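Encoded as structure tokens, the structure appears first; notes follow it.
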Amino acid sequence: MEHQSRWFRLFIHLMALLVALIILMPLAWLFVMSISSNADLSAKPLRWWPNEIDISRYATLFDRSDNSAGQAFMASLFNSIKVAGMATIAAIMVAIPAGWALSRNPRLGWVLGGIIATYMLPPVALSIPLYFILAKFGLLNNVFGLGLVYLSILAPFVTWLLKSGFDPIPKDLERAAAIDGARLDQMLRIVILPLAMPVIATATIFAFLLAWDEFFYALLFTSNQDAKTLTVAIADLAGGRVSDYGLIATAGVIAALPPVLIGILMQRSLISGLTNGGVKG
Amino acid sequence: MSTLELREIRKSYGTLETLKGINLNLESGEFLVLLGASGCGKSTLLSMISGLSDPTSGDITLNERRLNGVHPKDRDIAMVFQSYALYPNLSVARNIGFGLEMRGIDRSTREKAVLEAAKVLQVDHLLDRKPGDLSGGQRQRVAIGRALVRKPKLFLFDEPLSNLDAKLRLEMRSELKRLHQMLGVTVVYVTHDQIEAMTLASRIAVMRGGCIEQLGTPEEIYNRPASRFVAEFMGSPPINILATQQTERGLEIASGAAVLKDLRPTDPVVVGIRPEALKTQAFDGAITLSGTVDLVELTGPEQIVSVALNDTRVTATLPADLPLALGQDIDLFVEPNRILTFDANSGDRVECLPH
């Protein structure tokens, strides 16, 4: 790297700090809210740090007794994990062969164009036909039904992402594998997929987040604890006559944890540069 | 015994015909180089031998077995790519043994074969590394090892040295030659580098525009090129091509700089003289070209001298110790039988026998 002056380095660090602050401030505030008492939250002027730490809301939400707010919340948490998890795994399974085929056959590019075009449609336009279809198959208020809807959102997006991940993998590798006698599945499993791992990991995280944060379809297609997801459950907390902002914030903190966990798990695969060295000098 | 046989191979992409009827016979143990500029169809031809693409028409047979439509893995061939195409996520040992692994060879046999191939190529100390940790030359050795280990009937090389730096390329070239002499395998080798072709080949097929322009030993290709194209493609510095005129004195070269008394071709011709055929010492029967020194480039072992003759220039490679000054008058002598004549229109070489 070229020489940088001390001031320039300082400037870069300050800017990085600023960006980090902008990103982390809302999260930090969410956490502070979740441990503040109601009195502190409604005080004027606003207290940036509560007088007393109140973690009772965490207890409320983790309460497993029958018909409690905690039970409903935990059920929705597991529904969210189920729906987002199923939809993500299914989307990756569909998108790997689809993305690879699209990457290796540029003539199929129009398919990708069609996929992007369906993305232009607002969810509202699709909600009514989707509702009828789910009703017909008895999949309303069902985690599998919602998972299927999410799959239809995720699969095109993940396919598109994986296609661009497969693009830079040299075709010579596949030719060499073909001459070496690898079957299609062996070629994909041993040669191609390990090289696409960083992109697959990225796609997994994005797909999971997309499904995790989805609200509109979940609100329409679920009605009770059997299938209601976190986003809807959090909205329910705000729906009553009295809104406990602290409770909503607590639910938000808990809802943020699973994606963060997956992000940390996937971090290893995100290390790029795996393709270096196989070809050319 | 003929190993590889290509009959009337044609390949078209839509209306564009990239190969226009290739016929080739390859003996067992031969080292055939397909030589040509980019876009001449040499790589297309190689990929059809490998089975990565199929010819539009024509037959490919290997040891009497027709290969059209046969999957690459069932052809008993191995290929070395320009990009090496090593699997970056697998160790060197697994890279070399991949073909055996895919064919279900048991582990101990495989390891023995890998080690043997690695020893031949002097990469046995690198077996646990990943391709990314290797230098370009080592990667190329591994790629050759991967081809070697399966003991195929036919080796295909697709410009394997063009990604290496000049010094390494020279080393690997000698190594390939030594390897071929040692193992006696049959090779088809694609390159655009005429020196690689000259040094490695037992026969060269010079390709141009989807056809084989000339097929012959390196010596034939260099000294008796079939056409002006082949003559100009081979040799560095390139052959001097000079215009001629029929006069009553004979065939005048370069507006009368020299006269070939005995040659009376029926059609207009141009002549070709290799730079190293031009000498500064007179000898019996020599044709003399008189001019002035225009440019001197010392390469070390020799100097490349450009000599102005009337309205044209010729290049001569002369001994480095010859004192030369710019603008100095110089006489160059050439043996008549080292002057090649080509038809001025078609470019084909014509024999102009003395009358």
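Key figures
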read-out	value
Residue count, segment A:140-196 (criterion: more than 8 Å from chain B (Cβ to nearest Cβ), open to solvent by less than 40 Å² (accessible area, probe 1.4 Å) and outside any helix (DSSP H, G or I))	2
Where a residue in segment B:170-184 is assigned by the TED database to the domain that holds B:Ala197 and at positive phi and its partner, wherever it lies, is among the hydroxyl-bearing types (Ser, Thr, Tyr) and exposed (fewer than 15 other Cβ atoms within 10 Å of the Cβ), with Cβ under 9 Å and at least six apart	B:Gly184/B:Ser28
Selection from segment B:94-133 of residues that are away from chain A (no Cβ under 14 Å), farther than 23 Å from B:Met182 by Cα and of a type in the set (D, E, K, R)	B:Asp106, B:Arg107, B:Asp128
Residue count for segment B:83-93, restricted to those that are facing chain A (nearest Cβ under 9 Å) and either farther than 16 Å from A:Ile190 by Cβ or surrounded by fewer than 19 Cβ atoms within 10 Å (Cβ to Cβ) (or both)	2
Residue count, segment B:244-261 (criterion: at pLDDT 80 or above, under 20 Å from B:Asp331 (Cα atoms) and hydroxyl-bearing (Ser, Thr, Tyr))	1
Positions within segment A:75-97 being crowded, with 22+ Cβ neighbours inside 10 Å, within 12 Å of A:Leu209 (Cα to Cα) and small (Gly, Ala, Ser), in sequence order	A:Ser80, A:Ala84, A:Ala87
Hits in segment B:51-73 (condition: charged (D, E, K, R) and touching a residue at least 12 places away in the same chain (Cβ under 8 Å))	B:Asp54, B:Asp59, B:Lys73
Among residues of segment B:61-82, those that are more than 10 Å from every other protein chain (Cβ to nearest Cβ), surrounded by fewer than 23 Cβ atoms within 10 Å (Cβ to Cβ) and in contact with a strand residue (DSSP E or B) (Cβ under 8 Å, 6 or more places away or on another chain), counted	6
Residues that are within 14 Å of another protein chain (Cβ to nearest Cβ) and part of a helix (DSSP H, G or I), drawn from segment B:19-54	B:Ser43, B:Thr44, B:Leu46, B:Ser47, B:Met48, B:Ile49, B:Ser50
Wholly enclosed strands (runs of 3 or more DSSP E) of segment B:214-314 bearing at least 2 residues in contact with a strand residue (DSSP E or B) (Cβ under 6 Å, 6 or more places away or on another chain) and acidic (Asp, Glu)	B:287-298
Residue pairs meeting the criteria (Cβ under 7 Å; at least 6 apart or on separate chains; first assigned by TED's automatic domain parsing to the domain that holds A:Ala98, in segment A:173-188; second among the acidic types (Asp, Glu))	A:Met187/A:Glu174
All positions within segment A:98-145 that are within 25 Å of A:Lys171 (Cα to Cα) and in contact (Cβ under 8 Å) with a residue 24 or more places away in the chain	A:Ala98, A:Gly99, A:Trp100, A:Leu102, A:Ser103, A:Arg104, A:Leu112, A:Ile115
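The values are calculated or read from the model by the stated rules, or taken from the named source; none is laboratory data. What you see is a predicted model; the values in this text were computed from it and never measured. Don't worry about glycine lacking a Cβ; one is built from the backbone with ideal geometry, like all the others, and counts go over all protein chains shown. To get the accessible areas, we keep the full protein, side chains included, count just its heavy atoms, and leave off ligands, DNA and RNA. Shrake-Rupley method; radii C 1.70, N 1.55, O 1.52, S 1.80 Å.
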